[in-house]
Amino acid sequence: MEKFQRVQATAVPIDSANVDTDQIIPARFLRKPRKAGTALFLFHDLRFNDDGSEKASFVLNRPAFRGARILVAERNFGCGSSRENAVYALYDYGFRAVIAPSFGDIFYNNCFKNGLLPIVLPAAAAAALRAALNAKPGAQVTVDLAAQRVVGPDGTRLSFEIDPFRKHCLLEGVDEIGFTLGFDKEITAFEKNLT
């Protein structure tokens, strides 16, 4: 897993509430292996017409938002099913952080397991951030995990909370299994003492 320290990048607003995991990656693409490119299927039915052409109206298809690495969403982002592929699709597309007032519980937990930082901000702060991004497409946002701070395009600083263990894992670029394997010597010594 890639370490997460600080990301300064274009941020994209998603203004709809209750974006579910089927919107993030439709169920018909779940059988495809991740190495086949889950990024191709991110927001598929919202991004593409039936003939495969891009929908000009969808925010990720606008030139100013191409290459965005931070997503600023409305409430209850990632609700719905437990599909981990929703996180894969976002991460593989290039997103490193998703900011919203609230998340679907399983999606939220899956983010940490896959190197995607979910940040909960108050609804008014997230709305102001989305409004700034809509007003100035292509604007940059900074997410500093060590400082637990988001800096908006206008310099507004917003603090966020994160579980210390999850913060440590993201900063070090390890998932829970990788963290446990870091204690291999201690585990081996403990097991030798058992026999």
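The values are calculated or read from the model by the stated rules, or taken from the named source; none is laboratory data. Being a predicted model, the structure only gives us computed values, none of them experimental. Here the Cβ is made from the backbone with ideal geometry for all residues, glycine too, and neighbour counts use every protein chain on show. Side chains are part of the model used for accessible areas, which takes the heavy atoms of the whole protein and leaves out ligands, DNA and RNA. Shrake-Rupley method; radii C 1.70, N 1.55, O 1.52, S 1.80 Å.
With the charge dipole of the chain set up from +1 on Lys and Arg Cβ and -1 on Asp and Glu Cβ about the Cα centre, the Cα lying farthest toward the positive end among the listed residues Val150, Tyr88, Gly182 is that of Val150. Derived scalar couplings between HN and Hα for the range 153-161 equal x, 9, x, 4, 9, 10, 8, 9, 9 Hz in order, rounded to whole Hz, by the Karplus curve 6.51 cos²θ - 1.76 cosθ + 1.60 (θ = phi - 60°), x for Gly and Pro.
Qualifying trypsin sites (Lys or Arg not before Pro) in the range 1-88, where qualification requires a DSSP coil assignment and no more than 14 other C-beta atoms within 10 Å, comprise Lys3, Arg31, Lys55, Arg66.
What does DSSP give for the range 5-163 in terms of the percent of beta bridges that are antiparallel, rounded to the nearest 5?
50 percent
Placing +1 on the Cβ of every Lys and Arg and -1 on the Cβ of every Asp and Glu, with no other charges, gives the chain a dipole of roughly 420 debye about its Cα centre. Share of carbon and sulfur in the accessible area of the range 75-120 stands at 44%, probe radius 1.4 Å. For the range 60-170, the relative contact order works out to 23 percent when only alpha carbon pairs closer than 8 Å and six or more residues apart are counted.
Which loop-located chymotrypsin sites (Phe, Trp or Tyr not before Pro) does the range 89-195 contain, where loop means any DSSP state but H, G, I, E or B and the Cβ has at most 14 other Cβ atoms within 10 Å?
Details: sites: Tyr91, Tyr93, Phe95, Phe103, Phe107, Tyr108, Phe112, Phe160, Phe165, Phe179, Phe183, Phe190; in loops: Phe95, Phe160, Phe183.
Here the sparse-neighbourhood loop sites are Phe183.
Loop-located GluC sites (Glu not before Pro) across the range 68-162 with a Cβ neighbour count of 13 or fewer within 10 Å are Glu161, with loop assigned by DSSP.
The angle between the Cα long axis of helix 184-194 and the longest principal axis of the Cα atoms of the chain comes to about 40 degrees, rounded to the nearest 10.
Between the entries (i) 160; (ii) 130; (iii) 110, the label attached to volume of the Cα convex hull per residue in Å³ calculated for this structure is (ii).
Using the rule -39500 (n - 2.57) for each DSSP H run of four or more residues, divided by the residues of the chain, the 222 nm mean residue ellipticity is -9000 deg cm²/dmol. Here's how it looks for Val12: its modeled amide H is under 5 Å from those of Ile70, Leu71, Val72, which are all 5 or more places away or on a different chain. If you count Lys pairs in the range 7-143 whose Cα atoms are under 28 Å apart, skipping same-chain pairs closer than 8 places in sequence, the total is 5.
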